[in-house]
1. Does the range A:180-194 hold any residues that are more than 14 Å from every other protein chain (Cβ to nearest Cβ) and under 11 Å from A:GLY154 (Cα atoms), and which are they?
2. Report, by residue number, each residue of the range A:223-243 that is outside any strand (DSSP E or B) and surrounded by 14 or more Cβ atoms within 10 Å (Cβ to Cβ).
3. Identify the single condition in (1) within 14 Å of chain A (Cβ to nearest Cβ); (2) part of a helix (DSSP H, G or I); (3) surrounded by fewer than 16 Cβ atoms within 10 Å (Cβ to Cβ) that B:MET75 does not satisfy, given that it satisfies every other one.
4. Would you mind telling me which numbered condition in (1) away from chain A (no Cβ under 14 Å); (2) surrounded by fewer than 20 Cβ atoms within 10 Å (Cβ to Cβ); (3) closer than 29 Å to A:PRO291 by Cα B:PHE29 fails?
5. Residue by residue through the range B:134-148, note down the ones that are surrounded by 15 or more Cβ atoms within 10 Å (Cβ to Cβ) and more than 14 Å from every other protein chain (Cβ to nearest Cβ).
6. Inside the range B:54-72, can you point out the residues that are buried (at least 19 other Cβ atoms within 10 Å of the Cβ) and within 14 Å of another protein chain (Cβ to nearest Cβ)?
7. Check B:SER118, B:SER111, B:SER122 and return the single one that is under 19 Å from B:ALA61 (Cβ atoms) and either polar (S, T, N, Q) or within 14 Å of chain A (Cβ to nearest Cβ) (or both).
8. Taking B:SER44 as the residue in question, decide whether it is polar (S, T, N, Q) and within 14 Å of chain A (Cβ to nearest Cβ).
Amino acid sequence: MEKKIRLLLLLCGLMAVTQALIAAEVIHEEKSLYRDINVVQTGNRRCLIFNVHRGDRNQTCLDVSNRDELIFSYTKMSFAGLLLTPQPKKILIAGLGGGTLPLAFNDLFPDAQIDVVEVDQAVVNVAKEFFFFEENANMSVAVNDARVFVKRAGILGEKYDYIILDAFGGDYIPEHLLTQEFLEEVKQIMTEDAVLVANTFSTSRFYDHESVTYQRVFGEFFNFKLPASGNRMIITQLDPLPPRGNLITRAQSLAPSLEKYGVPLLEYPARLSTRVDWDMSRRVLTDQYAPANLLQNN
Amino acid sequence: MTVEMLGARIMAPYFGGSISVWGSLITVFMLALSVGYLIGGRLSTRNPNPKTFALFFIGAAISSIPIIIFADAIMRPIFLTIEDPRYGSLLASIFLYFIPTSILGMISPYSVRLMVDSHEHSGHMAGLLFFVSTIGSAGGTLATSFYFVLWFDVNQILWGAVAVLLLAGSVILLINYLLQKRAAHAQVSGYGKKN
């Protein structure tokens with residue numbers, strides 16, 4: 001009996017120690033129709049986490065003591081589009097996350113009009129409550145499916161000159177946002193000098209299908225990967241891509257203004273590649289054929 | 001179920017993939033099935049026969065064809081008039097899926113009537129039929145969502161479903177024809193013996 005109690009005490013002690021070591025505090029939990037959303041704080045770092053059950057997936061992190069600085073490399077990578085369109089006036093961001101990306105754009109381009117489209121009202125609530133996201137005269141969020149938003153914008157004749165697709169947060173891939181037809185609709189709402197920055201997948205068979213689909217719609221695109229990050233950004237525009245020299249010049253002039261967000265823009269031009277490193281024989285994803293979630297597992 | 005699984009895929013380009021689209025779809029399927037059960041049960045009281053039964057399959061097949069051919073023509077005006085994707089997808093589901101699904105719903109009660117020959121066995125038969133149809137639904141759901149979408153275009157799968165329904169209808173008609181012929185033959189030979 002005494003042995004058992006001792007063992008129990010030992011276990012309790014061990015648990016307390018591990019708890020203290022991690023010191024990550026869940027400060028908010030929210031169940032939405034789409035996912036479980038957790039807000040976790042470790043020291044000054046506050047993170048928005050989706051799908052806690054299958055390995056933590058940080059969606060957005062924020063340093064509470066230095067709110068300007070962006071933490072994730074994929075968030076920073078979204079600024080690479082500035083190398084093609086340095087002065088955006090109308091920005092569309094599909095997928096809010098914690099809202100740090102739109103906030104940074106709003107800070108950098110206070111006169112630009114920013115539309116954010118996010119399918120999950122709960123994400124909007126959490127971004128506002130815990131990540132200092134605010135709508136203002138120039139920045140608003142529409143709670144809607146990105147496909148529906150883009151299609152309607154196209155019919156209304158609205159145009160954007162900087163479009164970020166970052167709607168792939170959880171385990172489930174929204175298949176209707178990956179198809180040739182969707183990208184054609186995105187094309188409809190791009191101004192002549194617009195840039196499209198799409199945060200996509202860098203692993204699995206799916207990489208090939210996605211690359212082939214973007215290539216079909218946009219022709220050549222910049223494939224932007226960083227060694228430390230699992231993300232791959234596709235960066236493209238309607239016109240033929242500019243030569244690397246132009247990118248470097250742009251990076252040099254823009255880099256100082258991005259320093260406070262921690263975006264290493266000068267490193268980016270060398271990472272933008274047009275080399276085809278995917279299997280070109282893969283099938284284009286269309287509204288008729290888009291088994292993205294099945295391909296992901298293969 | 002195959003059509004239901006694909007239903008969301010078909011509507012996503014216009015109404016998105018949000019949970020409300022699934023809600024609309026399932027609501028309309030349930031409503032259509034319930035109406036189908038009611039009508040099928042009612043029809044089974046008036047001269048139940050295998051020919052009418054076969055016509056259900058053929059009718060469902062034919063009324064599914066607009067889903068393949070006119071999906072865009074049906075969804076576009078709805079998308080343009082109704083801004084809220086919830087009501088848009090609800091209306092689109094009604095136009096696309098209500099008729100074929102309700103015709104499919106008529107099959108179950110009607111087949112109970114056709115197969116039951118005594119009160120005693122009615123519960124057993126009904127149970128068996130529910131078993132078969134629900135197992136079929138499970139199979140259709142699994143096959144579609146796991147494999148068919150990986151192998152085929154959405155429209156190819158739908159054409160496949162149409163073909164299966166037409167085939168089922170034709171097989172019933174054929175068997176019915178053969179049985180009738182045999183019965184007539186037996187009757188004729190029966191008379192022969194008597195004389």
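The values are calculated or read from the model by the stated rules, or taken from the named source; none is laboratory data. Just so you know, these numbers come straight off a predicted model, no measurement behind them. We place every Cβ from the backbone using ideal geometry, glycine too, and count neighbours over all the protein chains shown.
1. At the first step, the residues of the range A:180-194 found to be more than 14 Å from every other protein chain (Cβ to nearest Cβ) are A:187, A:189-194.
Across the range A:180-194, the qualifying residues are A:LYS187, A:ILE189, A:MET190.
2. Here is the first cut: in the range A:223-243, the ones outside any strand (DSSP E or B) are A:226-230, A:238-243.
Residues satisfying the conditions are A:LEU226, A:SER229, A:LEU238, A:LEU241, A:PRO242.
3. In the conditions (1) within 14 Å of chain A (Cβ to nearest Cβ); (2) part of a helix (DSSP H, G or I); (3) surrounded by fewer than 16 Cβ atoms within 10 Å (Cβ to Cβ), B:MET75 misses (3) alone.
4. (2)
5. First, the residues of the range B:134-148 that are surrounded by 15 or more Cβ atoms within 10 Å (Cβ to Cβ): B:140, B:143-145, B:148.
Matches in the range B:134-148: B:GLY140 only.
6. Passing the criteria: B:ILE67, B:ALA71.
7. Numbers: B:SER118 fails: under 19 Å from B:ALA61 (Cβ atoms); B:SER122 fails: under 19 Å from B:ALA61 (Cβ atoms).
None of the other options fit; the residue is B:SER111.
8. Values: polar (S, T, N, Q): yes; within 14 Å of chain A (Cβ to nearest Cβ): no.
When the stated conditions are applied, B:SER44 does not pass them.
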